[in-house]
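The values are calculated or read from the model by the stated rules, or taken from the named source; none is laboratory data. Everything quoted here is computed from the prediction, not taken from an experiment. Note that each Cβ is placed from the backbone with ideal geometry, even for glycine, and that neighbours are counted across all protein chains shown.
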């Protein structure tokens, strides 16, 4: 999920996982696939991989079992959680790289077997403790590096208890009109688009 922008995302391939006590440990996990050039052995049969051209592009290939590493952009979902009564927007402070300490919309990767909208709702709950209802899809864009495709949704809170999750330092509401810039270019663009949309709607209501 765009330095401190997504242009530098490929530099941060691991994150530190907290233990049950909430303290960081030395256990690291890969949160995204390594570049194709770093794949040495087949994940299916363990034989050494070689390179072969498929569809005009050099790809890692296993001559033993036929496995091909097809590099694809990672799908993700994020939610612009808007509280209309107070005109606030929910933002999280990232705990882990890339852009640790920066503000973003709550969001993350889509798990196998869940819909894009279900992933968006789950990520908000995991990162902020807030339960949301999705109002509509706001738009889908690629990050500047084209490594991730993010579907942004507009939603509103319907329950839960505001509390930062394990991968967030803080979760809090900000006034939409004065919310600070977000650390990822794409997230910041979506914030500005929504702010403009609401401003235009306000002027439309004011002149109706």
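Quick notes on this structure:
- Tallying residues that are in a strand (DSSP E or B) and surrounded by fewer than 20 Cβ atoms within 10 Å (Cβ to Cβ) within the stretch 109-137 yields 7.
- Selection status of residue 144, in contact with a helix residue (DSSP H, G or I) (Cβ under 9 Å, 6 or more places away or on another chain) and either over 13 Å from residue 93 (Cα atoms) or assigned to a loop (DSSP other than H, G, I, E, B) (or both): yes
- Residue within the stretch 22-36 that is part of a loop (DSSP other than H, G, I, E, B), touching a helix residue (DSSP H, G or I) at 6+ places or on another chain (Cβ under 6 Å) and either modelled with pLDDT of 50 or more or farther than 28 Å from residue 141 by Cβ (or both) present: no
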